[in-house]
1. Extension gain ASP68-LEU13, at 0.36 nm per residue separation less the Cα-Cα distance, in nm?
2. If the viscosity is 0.890 mPa s and the temperature 25 °C, what Stokes-Einstein diffusion coefficient in µm²/s follows for region 1-55 when Rh is the Kirkwood radius over Cα pairs?
Amino acid sequence: MSLRQLVELHQFLFSLESQAAQRLAWEDAEQARIARARAEAIAAARLSAMLDANPSGQLGNAQLNDLDALKRSGLL
């Protein structure tokens, strides 16, 4: 085999390897999209459940050791 044929064979094998790596990257990206959609659906369901459990809209405003709230409630 001449040097040119060896170089061409090397380039061909490298192209096959890079195509296989690209296929794996596409599969990983597809799995990531599916996982993200699943996580977003779960988060939406949790938000809906939280709003059903506490429909007043006061979610996320509670604080630990809030002195003003403790004084207003008469605990201090």
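Nothing in this text is a laboratory measurement; each read-out follows from the coordinates by a stated rule. Note that the structure is a prediction, hence the values are computed from the model and not measured.
1. The span from ASP68 to LEU13 would gain 12.7 nm if fully extended.
2. Estimated diffusion coefficient is 163 µm²/s.
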